[in-house]
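Notes for the one structure printed next.
The values are calculated or read from the model by the stated rules, or taken from the named source; none is laboratory data. Just so we're clear, the structure is a prediction, and the values are computed from it rather than from any experiment. Here the Cβ is made from the backbone with ideal geometry for all residues, glycine too, and neighbour counts use every protein chain on show. To get the accessible areas, we keep the full protein, side chains included, count just its heavy atoms, and leave off ligands, DNA and RNA. Shrake-Rupley method; radii C 1.70, N 1.55, O 1.52, S 1.80 Å.
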Amino acid sequence: MTTDLNLTPAAAASLAKWHDMIARGDLSDLASIVHPDATFRSPVAFKPYRSAQAVILALSTVITVFEDFEYHRQAATPDGQNVVLEFAARVGDKGVKGIDFVRFDDDGLIVDFEVMMRPMNGVQALAAEMGQRLGGLIPAFKD
């Protein structure tokens, strides 16, 4: 996916790195673009998860749950530090559509990653699978 948006150079570099990691299916370098105090906002939890460790754990797990994951469209805010990434994927036999809202700081590090998804049965399938894989690990990072 092209990253020729009106992003700050640091945010553009991190977004390009993100897209590369997604294309390879390998998020092992994710820590290099996530701020230590980053926040993850899940489509299945009301309260956000705080810390780079929470963001990395959630995203590294969800990428193994999604099948046929692909970004379709992206847009940036005028300040050049926020992107919206539209995606489609499958969770088992359920198709899902979603949007990732990603905010970067001045250094291009992800400070906020929010996910919205539909339809409900796909979100429920994702919640069940994530719960099975993460068990009691992720709740420790909630506010």
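Worth a mention:
- Any hit, the range 97-111, residues being of a type outside the set (A, V, I, L, M) and modelled with pLDDT under 95: no
- Hits in the range 27-60 - residues which are under 24 Å from residue 91 (Cβ atoms), assigned to a loop (DSSP other than H, G, I, E, B) and at pLDDT 95 or above: 27, 28
- For first residues located in the range 15-30 and without any contact (Cβ under 8 Å) to a residue 24 or more places away in the chain, partners that are in a helix (DSSP H, G or I) and open to solvent by less than 20 Å² (accessible area, probe 1.4 Å) and lie 6+ apart or on another chain with Cβ distances below 6 Å form the pairs 17/33.
- The sole residue among 75, 23 that is surrounded by fewer than 19 Cβ atoms within 10 Å (Cβ to Cβ) and under 23 Å from residue 126 (Cα atoms) is 23.
- The single condition among (1) open to solvent by 30 Å² or more (accessible area, probe 1.4 Å); (2) under 16 Å from the mean Cα position of the chain (by Cα) that residue 132 does not meet is (2).
- Near pairs, Cβ below 8 angstrom, 6+ apart or cross-chain, from the range 65-82 (within 20 Å of residue 97 (Cβ to Cβ) and β-branched (Val, Ile, Thr)) to any residue that is assigned to a strand (DSSP E or B) and open to solvent by less than 40 Å² (accessible area, probe 1.4 Å): 65/91
Table: residues versus (1) of a type in the set (Val, Ile, Thr); (2) open to solvent by less than 70 Å² (accessible area, probe 1.4 Å); (3) over 15 Å from residue 22 (Cβ atoms).
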| position | (1), (2), (3) |
| --- | --- |
| 41 | no, no, yes |
| 47 | no, no, yes |
| 57 | no, yes, yes |
| 60 | no, yes, no |
| 64 | yes, no, no |
| 84 | yes, yes, yes |
| 108 | no, yes, yes |
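- Within the range 32-52, residues that are of a type in the set (Asp, Glu) sit with their Cβ atoms under 8 Å from residues that are part of a strand (DSSP E or B), at 6+ positions apart or across chains, in these pairs: 37/50; 37/111.
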